[in-house]
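The values are calculated or read from the model by the stated rules, or taken from the named source; none is laboratory data. Treat the numbers as computed from the prediction; the structure is a model and nothing was measured. Cβ sites come from the backbone with ideal geometry, for glycine too, and all protein chains shown count toward neighbours.
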Amino acid sequence: MVQTIFGVWDYVIMTATMVASVAIGLYFRFSGGKQKTNDEYLLADRNMSIFPVAVSLMASFMSAITLLGVSAENYYYGMQFVVINFSYGIATPIASKLYLPVFFGLQKTSTYEYLELRFGPQIRMLASLTYTLQMILYNGIVLYAPAIVLESVTGLDRLVSILVVGLACTFYSTLGGMKAVLFTDLLQSFLMFGAVFSVVIFASIQLGGFEQIFIKSYEGGRLDFSNFSVDPTERHTWFSLIIGGCITYLSLYAVNHTQVQRLLTVSSLQRSQQCLWWSWPVLSVLSIITCISGLSIYAVYKDCDPLTSKNIGSIDQLMPYYVVDAMKSVPGLAGLFVAGIFSASLSTISAACNALAAVTLTDYVSRWFKVNPSYIPWLTKLAACGFGLVFLALAFVAEHLGGVLQAALTIFGAVGGPLLGIFTLGMFTTYANERGVSVALLSGMAMTLWISFGGPRPSPVKLPVSVEGCLFNVTVPDPVSSQPSDYFYLYRISYMWTSPIGFVWVLVVGSIVSLAWKQQQPWQKAGRDHPDPALFTPPLARRLRATNEKSSAQCELLKQDLQH
């Protein structure tokens with residue numbers, strides 16, 4: 001156990017973060033409409049400002065795992081990963097113009113209600129259950145992973161970390177609803193930026209200038225952006241990062257219920273689209289600064305790698321180790337960093353509590369039971385609180401599950417592509433039916449989970465590190481030599497291709513099965529000849545409206561001819 005380096009100011013900053021988050025929840029519980037209706041509780045009465053929603057969109061999925069992982073990625077594998085930011089710029093207009101108008105036009109509480117309107121009840125339930133399981137697993141890990149990392153390098157007890165973050169988050173998101181979640185996300189985002197910026201600024205001072213970060217990183221081969229390979233077994237290339245990044249971004253920001261729910265908290269489609277556009281630079285700035293923070297730490301430790309010298313046990317401990325090792329001399333800086341890491345967890349978990357409460361009440365409870373409308377707001381709060389406690393329980397179980405940590409994160413990526421595929425089939429085609437998309441979703445997830453979990457698989461090759469500058473002798477282990485051909489091809493495919501493979505699989509299989517295995521569409525069961533244009537992406541909706549109008553005009557002419 002490492003002796004804690006926390007001083008008075010560190011505890012003050014940490015406590016202030018938690019108190020402020022809880023205070024925001026209490027404020028919204030006792031102000032305005034006091035969260036008495038589900039519309040206010042889950043959708044903030046649809047009158048939120050653009051800025052807090054835009055920042056919250058970023059904070060919902062930039063978890064502590066992301067901050068710790070991306071910095072370590074750039075240290076050990078180089079800055080090629082920063083290319084993924086181009087994909088965000090490509091995917092934002094796609095999500096904004098082609099997917100968002102459909103959800104905004106329908107104004108449904110649960111995103112999965114769309115699937116029932118377009119296909120039928122079975123696929124809605126299947127997709128909703130998939131999302132629920134995905135979010136429960138992921139958020140249990142979001143709560144656990146930073147606690148174990150911080151304990152190992154700062155001595156901050158993991159039990160305390162999990163309880164403080166889990167209970168504070170459950171409390172304010174249950175009491176204050178969506179408004180509390182959005183405004184605490186705003187506060188927590190500033191702390192996330194503060195944590196990452198503090199690392200870059202402090203390293204710049206240590207090294208004698210900001211430019212030294214890039215000079216030393218270039219010397220260590222960390223600034224190579226030249227991998228344009230089309231080989232899917234290469235971990236990070238321009239193609240895998242841009243194509244894989246696009247599909248991953250769309251699976252999160254175009255059709256994921258957690259994000260769509262936020263995009264419905266504003267008053268108009270135009271404002272909702274602006275939220276999505278503004279979240280892009282916020283997300284990219286944090287992503288780029290986190291990448292640079294990894295290079296900053298590399299520039300400091302380029303002659304004595306902390307992992308090889310056994311100062312840390314895993315690459316995720318890299319950033320906290322740097323804070324403890326180099327920044328402990330400045331009172332409060334370690335507290336700011338830990339507050340930023342905890343804030344990243346808080347924002348992700350609070351988003352999930354609120355989103356899962358909406359799905360539970362809309363897709364399960366209201367569907368299976370006849371509930372008195374006056375009870376629904378209380379049941380929603382109870383569900384939000386329940387999910388917070390489930391995350392807490394899962395965080396304590398997680399330490400006994402070993403490899404499930406990485407498994408939960410992999411599930412998140414593996415499920416996203418197939419789910420994006422079924423929404424895309426629904427919005428961009430009129431032929432896709434419930435049988436087709438159900439078969440495609442189940443087979444697509446089986447495929448992506450097989451690719452993600454199958455083994456044995458080769459370990460990714462890190463860039464070279466040095467221990468020549470360490471104060472004591474360190475034995476560098478000989479690299480384990482293995483040929484890529486020793487492994488089954490699918491297990492060598494880069495994780496960045498998992499979502500695109502799942503997405504394309506669902507589009508192809510869903511189309512083939514739907515066309516081969518005909519089924520009545522919901523509008524045909526309702527006795528209508530034409531589908532509702534509101535269920536389709538704007539370009540297709542315009543074409544359907546024109547067809548409907550033409551058909552109506554022809555019917556009118558036929559009636560007139562018959563009358564004559």
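Would you kindly identify the helices (runs of 4 or more DSSP H) lying entirely within segment 203-275 that contain at least 3 residues that are among the aromatic types (Phe, Trp, Tyr) and surrounded by 16 or more Cβ atoms within 10 Å (Cβ to Cβ)? Write out each step before concluding.
On the way: elements: 211-219, 238-253, 257-263.
Counting at least 3 such residues, we get 238-253.
Right, residue 469: buried (at least 16 other Cβ atoms within 10 Å of the Cβ) and either at pLDDT below 90 or closer than 30 Å to residue 123 by Cβ (or both) or not? Before you say what the answer is, go through the steps one by one.
Numbers: buried (at least 16 other Cβ atoms within 10 Å of the Cβ): no; either at pLDDT below 90 or closer than 30 Å to residue 123 by Cβ (or both): yes.
When the stated conditions are applied, residue 469 does not pass them.
Do we have residue 96 as modelled with pLDDT under 90 and among the polar types (S, T, N, Q) here? Step through it out loud before you land on a result.
Details: modelled with pLDDT under 90: no; among the polar types (S, T, N, Q): yes.
No, not satisfied.
Give me the pairs, please: first residue somewhere in segment 436-447 and under 16 Å from residue 121 (Cα atoms) and modelled with pLDDT of 95 or more, second residue anywhere and among the hydrophobic types (A, V, I, L, M, F, W, C) and not in a helix (DSSP H, G or I), beta-carbon distance under 7 Å, and either six or more positions apart or on two chains.
Sorted first by the residue in segment 436-447, then by its partner, the pairs are 436/517; 437/119.
Could you tell me whether any residue of segment 284-295 is farther than 22 Å from residue 71 by Cβ and surrounded by fewer than 20 Cβ atoms within 10 Å (Cβ to Cβ)? Please lay out each step first, then the result.
So the first thing to find is which residues in segment 284-295 are farther than 22 Å from residue 71 by Cβ, and the list is none.
Scanning segment 284-295, I find no residue that is farther than 22 Å from residue 71 by Cβ and surrounded by fewer than 20 Cβ atoms within 10 Å (Cβ to Cβ), so the answer is no.
Would you list the helices (runs of 4 or more DSSP H) that sit entirely within segment 1-114 and hold 3 or more residues that are aromatic (Phe, Trp, Tyr) and closer than 26 Å to residue 298 by Cβ?
Working: elements: 8-29, 38-43, 50-61, 64-77, 84-94, 100-106.
It comes to 64-77.
Residue by residue, here is whether (1) over 19 Å from residue 347 (Cβ atoms); (2) in contact (Cβ under 8 Å) with a residue 40 or more places away in the chain; (3) among the polar types (S, T, N, Q) holds:
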| site | (1), (2), (3) |
| --- | --- |
| 243 | yes, yes, no |
| 253 | no, yes, no |
| 262 | no, yes, no |
| 265 | no, yes, yes |
| 271 | yes, yes, no |
| 276 | no, yes, no |
| 279 | no, yes, yes |
| 289 | no, yes, no |
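Filter segment 485-500 down to the residues that are hydrophobic (A, V, I, L, M, F, W, C) and not in a helix (DSSP H, G or I), then identify the one that is surrounded by the fewest Cβ atoms within 10 Å (Cβ to Cβ).
Narrowing segment 485-500 to residues hydrophobic (A, V, I, L, M, F, W, C): 488, 490, 493, 496-497.
Subsequent filtering for residues that are not in a helix (DSSP H, G or I) retains 488, 493.
Working: 488: 11, 493: 20.
Restricting to residues being hydrophobic (A, V, I, L, M, F, W, C) and not in a helix (DSSP H, G or I), the top hit is 488.
Just one of the numbered conditions (1) surrounded by 23 or more Cβ atoms within 10 Å (Cβ to Cβ); (2) over 17 Å from residue 251 (Cα atoms) is not true of residue 103; which one?
(2)
From the list 362, 348, which residue is of a type in the set (S, T, N, Q) and either over 21 Å from the mean Cα position of the chain (by Cα) or surrounded by fewer than 16 Cβ atoms within 10 Å (Cβ to Cβ) (or both)? Break it down stepwise before answering.
Details: 348 fails: either over 21 Å from the mean Cα position of the chain (by Cα) or surrounded by fewer than 16 Cβ atoms within 10 Å (Cβ to Cβ) (or both).
The unique qualifying residue is 362.
Among (1) without any contact (Cβ under 8 Å) to a residue 60 or more places away in the chain; (2) polar (S, T, N, Q); (3) surrounded by 18 or more Cβ atoms within 10 Å (Cβ to Cβ), there is one condition residue 60 misses while meeting the rest; what is its number?
Against the list (1) without any contact (Cβ under 8 Å) to a residue 60 or more places away in the chain; (2) polar (S, T, N, Q); (3) surrounded by 18 or more Cβ atoms within 10 Å (Cβ to Cβ), residue 60 comes up short only on (1).
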